[in-house]
Amino acid sequence: MRSCFNPEVKRFYEKFPYPARKMTKKELKNYAEWFLPAINESNGDFFKGKRILEAGCGTGELSCGMALFGANVTGIDISSKSIELAEKKKAQLKLKNVKFVNSPIISFSSLEKFDLCVSLGVLHHTPDPKKNFEKICSFVKPNGSICIGLYNRYGRARHRVKIAIVRALSSNNAESRLKTAKRLFGKKYNSENVLADALAHPFESHHSVKEVLEWFSENNIAFLGCKPSLKKSIFLSELSWLFGREGSFFVMGGKKLK
Ligand SMILES: C[S@@+](CC[C@H](N)C(=O)[O-])C[C@H]1O[C@@H](n2cnc3c(N)ncnc32)[C@H](O)[C@@H]1O
């Protein structure tokens, strides 16, 4: 059986917690709102009073952003350093309606079911994304929503060329890859941890819209939406992501049927 988390990925995020950004309350709220079109919502007022699980919350920006809108949020993450920074953020913001748990998705347990489970940029760093997705689905209430963000198989192709160049010119460790990435592409990134996440990562996988729709249908999830939005043809959408600026990372949302 494939393991459900990658110890190298855990080590990476202990060293380079993500996003670890200083953000104002307004920026945190904007950060929380940006994925909402994937569940056919657009305004942060949607979060008010909702019980939300963020699987792979990193340093807590998204969880805190949703909590600022009045949601009750549980954020879990495999990286203890990320959770430590998330706790600091929570304390700075004096938030009482968010809690953080240091746990891999697969070992997390909760008697509570959630109105919304969200996991952005996480599953593609796990050895078995589908199994982790299924685990997250198990926490969604009937009629509740799920939202996952993944690297797209086609949209990420041009960026993968950069990753391949960095890897070819580095030793087999994140520090060496980061040094190379800084030298070649550093100007484009204003944070070292974000640069590390983009170009020095030990492991990422790539997924298609069709694949996620299959995961949805196998888990009784009705598709709600996608960001970037889909054209009539999924093939043409993904093709446009290959050539456009959007779509390297795509978010798909769905609703759990009863
Ligand atoms: C790119 S960061 C995304 C953070 C956050 N979701 C965001 O969008 O700001 C990926 C996060 O997933 C966490 N992660 C990776 N594998 C995990 C697993 N199996 N269980 C829980 N967290 C995991 C990492 O520690 C890291 O904090």
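Restricting attention to region 28-35, does a residue exist that is among the acidic types (Asp, Glu) and farther than 30 Å from LYS231 by Cα? Checked against the condition, which is being among the acidic types (Asp, Glu) and farther than 30 Å from LYS231 by Cα, region 28-35 yields no hits at all.
Flag: SER138 matches the condition of being in the same structural domain as SER109 (by TED's automatic domain parsing), within 16 Å of the ligand (Cβ to nearest atom) and either of a type in the set (Val, Ile, Thr) or over 20 Å from LEU36 (Cα atoms) (or both). Can you find, within region 167-182, the residue that is surrounded by the fewest Cβ atoms within 10 Å (Cβ to Cβ) among those that are touching a helix residue (DSSP H, G or I) at 6+ places or on another chain (Cβ under 6 Å) and among the aliphatic types (A, V, I, L, M)? The residue in question is LEU169. Yes or no: LYS26 charged (D, E, K, R), assigned to a helix (DSSP H, G or I) and within 11 Å of the ligand (Cβ to nearest atom)? No. Given the criteria modelled with pLDDT of 95 or more and away from the ligand (no atom under 12 Å from the Cβ), does ASN132 qualify? No: the conditions fail for ASN132. Listed by position, the helices (runs of 4 or more DSSP H) contained in region 136-213 that have at least 2 residues being of a type in the set (Val, Ile, Thr) are 157-168.
The numbered conditions (1) free of Cβ contacts under 8 Å to residues at least 12 places away in the same chain; (2) crowded, with 19+ Cβ neighbours inside 10 Å are all true for ALA164 except (2). Of all the residues in region 1-23, those that are aliphatic (A, V, I, L, M) and near the ligand (Cβ under 10 Å from one of its atoms) number 2.
Against the condition assigned by TED's automatic domain parsing to the domain that holds GLY121, surrounded by fewer than 16 Cβ atoms within 10 Å (Cβ to Cβ) and on the phi < 0 side of the Ramachandran plot, how does LYS227 come out, does it pass? No, not satisfied. When we screen LEU116, LEU120 for residues that are under 11 Å from the mean Cα position of the chain (by Cα) and not polar (S, T, N, Q), the only hit is LEU120. Filtered by the rule that a residue be within 18 Å of ILE148 (Cβ to Cβ), out of contact with any Phe, Trp or Tyr (no Cβ under 9 Å at 6 or more places or on another chain) and not in a loop (DSSP other than H, G, I, E, B), region 29-41 gives TYR31, PRO37.
The values are calculated or read from the model by the stated rules, or taken from the named source; none is laboratory data. Keep in mind that what you see is a predicted model, and the values were worked out from it rather than measured. Note: ideal-geometry Cβ built from the backbone for every residue, glycine included; neighbour counts use all protein chains shown.
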